[in-house]
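Participant: So that we are looking at the same thing, I have put the structure below in structure tokens.
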Amino acid sequence: MALSQWGVCTNFLGNDAYSLHTDAFSALAERFSYIELPAMTVAELGKTEFSALTAAAAACSAGFPVMTNFFSAQFPLLSPGLDRGALTAYLERLLPRCEALGCKALVLGSGKARSLQSGQSREDGYRVLAQLLNKTVLPLCQKYGVSIIIEPLNPKLTDFMLDLWEGRELARRCEGEVSLLADSLHLMSHPEIERELEENRQWITHVHLSEADRAAPGKPLSPQMARFLNALRAVGYEGPASFECHMEDPSVMEAAREAVAEALGA
């Protein structure tokens, strides 16, 4: 099975979480076809800093088709007290920058931002978040040709949308281009990961790869990672996959790609 593209997320490359690592773009482009930046960091850049980012991006051969970390905790998406004006201003700052970088998809992980509020049920969460996405977020995303990829997370990060079935329920309620991300760090310990991937395969357009504690995959793979990759192979996934883990050293990058490619039969 051959993946369409190998990528790398910069948000956990080193110890400075959510960094862009622009100084490493050229080296990363030698090993990966695309680089996945943290959207909330890109949005916070001043004009001069963003100009420097676009120059660095243009100078390397890798693409920037997707960003992770859509919303920071400053936007409690399910809260009745959400400042929608500030949210719209954030989107109107971020999305033109996505367009300038060639980014066509944003990953909605954002565990703290999407957590349930006190007294909210899961049904409340789906209703409130789908309404926010449909009325505010997706129309602006569509204006700039950007889709949303929902990322189920683990209970340490949020209490809402913890598996692909739950992520699909939100995607089903959305009016626009919305799909799912399968992240090994969050999903590989699920007891029914094979069935979970199989039943949601048609919704999955992106994959993130990391061992526990953001460690880079390598030989030998953990039993959980090996099982996740075997399940991914079994459902015939051939889309893009990004390494979202600590892998500052080029030798670690090479070992990670080799281990995962071997497991996938790529």
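Participant: Over the Cα atoms of the chain, what radius of gyration and what Dmax do you get, in Å?
Facilitator: When restricted to Cα atoms, the chain yields Rg and Dmax of 17.7, 50 Å.
Participant: How would the range 121-205 be classified by its alpha-carbon gyration tensor: rounded, prolate or oblate, with rounded meaning a/c under 1.5 and the a/b versus b/c comparison settling the rest? Don't skip to the answer; put the middle values down first.
Facilitator: Numbers: a/c = 2.12, a/b = 1.53, b/c = 1.38.
Prolate shape, in that a/c is at least 1.5 and a/b is the bigger ratio.
Participant: For the range 5-57, compute Rh as the Kirkwood radius over C-alpha pairs and then the Stokes-Einstein diffusion coefficient at 4 °C and 1.567 mPa s; write the answer in µm²/s, rounded to an integer. Walk me through the intermediate numbers first.
Facilitator: Details: Rh = 11.4 Å.
Reported coefficient: 113 µm²/s.
Participant: Determine Rg/Rh for the range 227-266; Rg is computed over alpha-carbon atoms and Rh is the Kirkwood hydrodynamic estimate from the same atoms.
Facilitator: Numbers: Rg = 10.9 Å, Rh = 11.0 Å.
So for the range 227-266, dividing Rg by the Kirkwood Rh gives 1.00.
Participant: Ok, one more. Per residue, how much accessible surface does the range 220-266 expose to a 1.4 Å probe? Answer in Å², no decimals. Walk me through the intermediate numbers first.
Facilitator: Details: 2050 Å² over 47 residues.
On a per-residue basis, 44 Å².
Participant: Quick one: accessible area per residue over the range 26-118, 1.4 Å probe, rounded to a whole number of Å²? Let's see the in-between values first.
Facilitator: Numbers: 3730 Å² over 93 residues.
Accessible area per residue: 40 Å².
Participant: Which of 54, 100, 206 sits farthest toward the positive end of the charge dipole of the chain, with +1 on the Cβ of Lys and Arg and -1 on the Cβ of Asp and Glu?
Facilitator: Of 54, 100, 206, it is 100.
Participant: OK, next. Quantify, in whole percent, the carbon and sulfur part of the accessible surface of the chain (1.4 Å probe; protein heavy atoms only).
Facilitator: Numbers: 5500 of 11100 Å².
Carbon and sulfur together cover 50 percent of it.
Participant: Here is a further query. Provide the three semi-axes, in whole Å and in decreasing order, of the ellipsoid equivalent to the range 172-266 as defined by the square roots of 5 times the Cα gyration tensor eigenvalues.
Facilitator: Values for the range 172-266, descending: 23, 15, 12 Å.
Participant: Follow-up question, since we're still on this one. Give the cysteines in the chain for which no other Cys Cβ lies under 4.7 Å away, or write none if there are none.
Facilitator: That list is 9, 60, 141, 174, 245.
Participant: Further, regarding this structure: With 24 Å as the cut-off, how large is the P(r) tail for the range 1-132, expressed as percent of Cα-Cα pairs? Walk me through the intermediate numbers first.
Facilitator: Working: 3017 of 8646 pairs.
Value for the range 1-132: 35 percent of Cα pairs lie more than 24 Å apart.
Participant: So how far, in whole Å, is the C-alpha centre of the range 96-162 from the one of the range 221-255?
Facilitator: Cα centroid of the range 96-162 versus Cα centroid of the range 221-255: 24 Å apart.
Participant: While we're looking at this one, here's another question. Under the Kirkwood approximation applied to all pairs of distinct alpha-carbon atoms, what is the hydrodynamic radius of the range 92-164 in Å? Write down the numbers at each step before the final one.
Facilitator: Numbers: mean 1/r = 0.0750 Å⁻¹.
Hydrodynamic radius (Kirkwood, Cα pairs) of the range 92-164 is 13.3 Å.
Participant: 7 Å from Cα along Cα→Cβ at both residue 51 and residue 127: what's the point-to-point distance in nm?
Facilitator: In this crude spin-label approximation the distance works out to 4.9 nm.
Participant: Continuing with the same structure: Going by average Cβ neighbours within 10 Å, how do the peptides 103-110, 3-10 rank, with the highest at the top? Don't skip to the answer; put the middle values down first.
Facilitator: Details: 103-110: 23.5, 3-10: 20.6.
In decreasing order of mean packing, 103-110, 3-10 become 103-110, 3-10.
The values are calculated or read from the model by the stated rules, or taken from the named source; none is laboratory data. Keep in mind the model is a prediction, meaning the values are calculated, not measured. Reconstructed Cβ throughout: ideal geometry from the backbone, glycine too, with neighbour counts over all protein chains shown. Remember, those area values only see protein heavy atoms, side chains included, never the ligands or the DNA or RNA. Shrake-Rupley method; radii C 1.70, N 1.55, O 1.52, S 1.80 Å.
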